[in-house]
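Q: Supplied in structure tokens, the structure appears directly below.
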Amino acid sequence: MEQIGDNPFLPEDIIRTILKSLPVKSLIRFRCVCKEWKNLLKTPSFITEHLHHPMNENPLLLLQWGHKLDPLHFHILNHKMQLLEVQPPLPLMDSSLRTEIVGCSNGLLCVNYYDLETSLPFLLLVWNPATREIRHVPNPIKHKIQYFALGFGFSPVDNDYKILVSLERADIDSLSNPLEVYSLRTGSWKEIKVEDFGGLGISDFAATVDGAMFWFGHKVTNIAENDFFAYDEMVVSFDMVMEVFTLIPLPCDDDDLRKSFLSVYENKLAMLCDTENENYESYRTDLWVMEEGAFPSGERWSWSKKYSISTPSSIYPRGIWLEKIVCIALPTYDEPEPEINHRTMDVLYMLNPSTHEWVHFNCRQVGYQFSIIFNYAESLMPIANIHPCS
Amino acid sequence: MSSSVEAITVLSSDGDEFKITVSAAKLSKPLNWMLEDVCFSDDCDEVPTIEVNSKTLVKVIEYCEKHAPRANSGASDSDAEELKKWDIEFMKMDVKDILFHILMAANYLHMEGLYDLACQTAADLMKGMTVSQIRKIFHIKNDFSSEEQEQLRRQHPGCSFD
């Protein structure tokens, strides 16, 4: 019988391959093995290879309480459907503060601490929950009273993470307001000039795909006699390298699209829509995917409807996780019992678009009702030293 | 190479003879090259040596023979599922004692499937180990000075060098 002591010395490349398959928690501990391992574990190429290792292919679902009542709870759901609580980056300094996740990329989260009453920002930080590293983001250059984080994401071309903020409220007229971008690599803010989009507002949450942030955009076109607003709707993208905005038309569909969420499907921008027919008897969830390129039609963008699935009740898609559409049910006004509302709200529905199979996940055990979801993978990604591409 | 040959004989680094079927040997690129280069007919007495010890080579050949039918003909999902279960059992056996030897052999023989499987097995074993256990199995000396250890402890409270 060979003993452990008879183990051969493994060459560096084999050790590197083994270490890439280890979870972040173990790797953090193994930084203390020797200097060589410590240095290897902070090498940018190792960190990137580890992040893209097949073991990390099953991202975790990061859930955030969406009703602003609960101050700072994040939960993580793994592919075995185990729900784990995540300790927030910083304790709550003041009971009037709340937290929200601005975005999530390569294991880094951008978290905004804001005042519940005024919605004014208090603190913006970038956080790696796996390594527990935190970076406080300084105030924007022209920050006087307020700013609103619009998005956070990774830009692969310049190997940088960027935060986009608007210095006025985000929902109305936001792209006509002063905008600034923070670069994690340079550690500084920069004002960005955009052409006048005149009254263009964007949705709360950005989906980030391949170096660009995407929102739903809306613009009031005219006010009709009966005081109803007419809107032009589109997708607004922000290229994190060029720092320019582009307006992308939405697909044409026979039905009136009820655009629910932007997400990522097979590394492409995806749009989730929920639709009900006129007599509110049947419900449907659609998954659209956008591709950019030169198309024969002369268009720069092409939308295709990948899936259209009948759903048993009115549910609201919130994103895509492990190729499944994650949905929540919101309370309907005609349900008289608040208890019923409660019951329907703490269930997540995972819909497999290709098999039409449903999985229900009951969050009642923890008593939270999630409405914002992010795909999150643990990583060793450092926050302090982001290196430019070599 | 004569097409009538179904199995070949190879020598381990300990000098023991082993039989391996041609289809199983094809899982390894170097073995495949050997098949093309070396004459394996009966009147040829050259027996190639594989730089892997006998104990490890037994396991490597066992793996190859099991995986060969699937690698050569493609497999249904149920076969793949069965093979996955077999891999888990294969790695559960006394392999732990020779895991690092298997890693070296799979690397040397360019056997991607076995290499990935062995790396994952090693990672699973290491997951819960302490720093000193890791140093022991990898023959690593703690080369941090006491000042460096102190500094690391300050940077990462709770880190352990034992």
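Q: With each pseudo-label sitting 7 Å past Cα toward Cβ, what's the B:Glu51-A:Ile134 distance in nm, one decimal?
A: Each label point is offset 7 Å from its Cα along the Cβ direction, giving 5.3 nm.
Q: Continuing with this model, one more query. Once the other residues with Cβ under 11 Å from the Cβ of B:Leu35 are scored (Lys, Arg +1; Asp, Glu -1), what is the net sum?
A: Its environment carries a net charge of 0.
Q: Something else now. With label points built 7 Å along Cα→Cβ from the Cα atoms of A:His53 and A:Val194, find their separation and express it in nm.
A: Using points 7 Å along Cα→Cβ, the separation is 3.9 nm.
Q: Add +1 for every Lys or Arg and -1 for every Asp or Glu among the other residues with Cβ under 13 Å from the Cβ of A:Met381, and state the total.
A: 0
Q: Say the cut-off is 29 Å between C-alpha atoms; which of A:Lys35/A:Lys162; A:Lys305/B:Lys85; A:Lys190/A:Lys219; A:Lys20/A:Lys162 go over it?
A: A:Lys35/A:Lys162; A:Lys305/B:Lys85
Q: Would you please put A:53-62, A:125-134, A:188-197 in order of how densely packed they are, using the mean number of other Cβ atoms within 10 angstrom per residue and starting with the highest?
A: So the peptides A:53-62, A:125-134, A:188-197, ranked by packing, come out A:125-134, A:53-62, A:188-197.
Q: Within segment A:147-166, which residues have the backbone N less than 18 Å from the label spot 7 Å out from A:Asn177 along Cα→beta-carbon, could you tell me?
A: Residues A:147-152, A:163-166 qualify, since their backbone N sits under 18 Å from the label point.
Q: A 24 angstrom limit on the alpha carbon distance is what I want to check against. Which of A:Lys25/B:Lys66; B:Lys29/B:Lys127; A:Lys259/A:Lys306 exceed it?
A: Correct reply: A:Lys25/B:Lys66; B:Lys29/B:Lys127.
Bear in mind that the values in this text are calculations on the coordinates, not laboratory data. Every value quoted in this text rests on a predicted model; they were computed, and no experiment measured them. Reconstructed Cβ throughout: ideal geometry from the backbone, glycine too, with neighbour counts over all protein chains shown.
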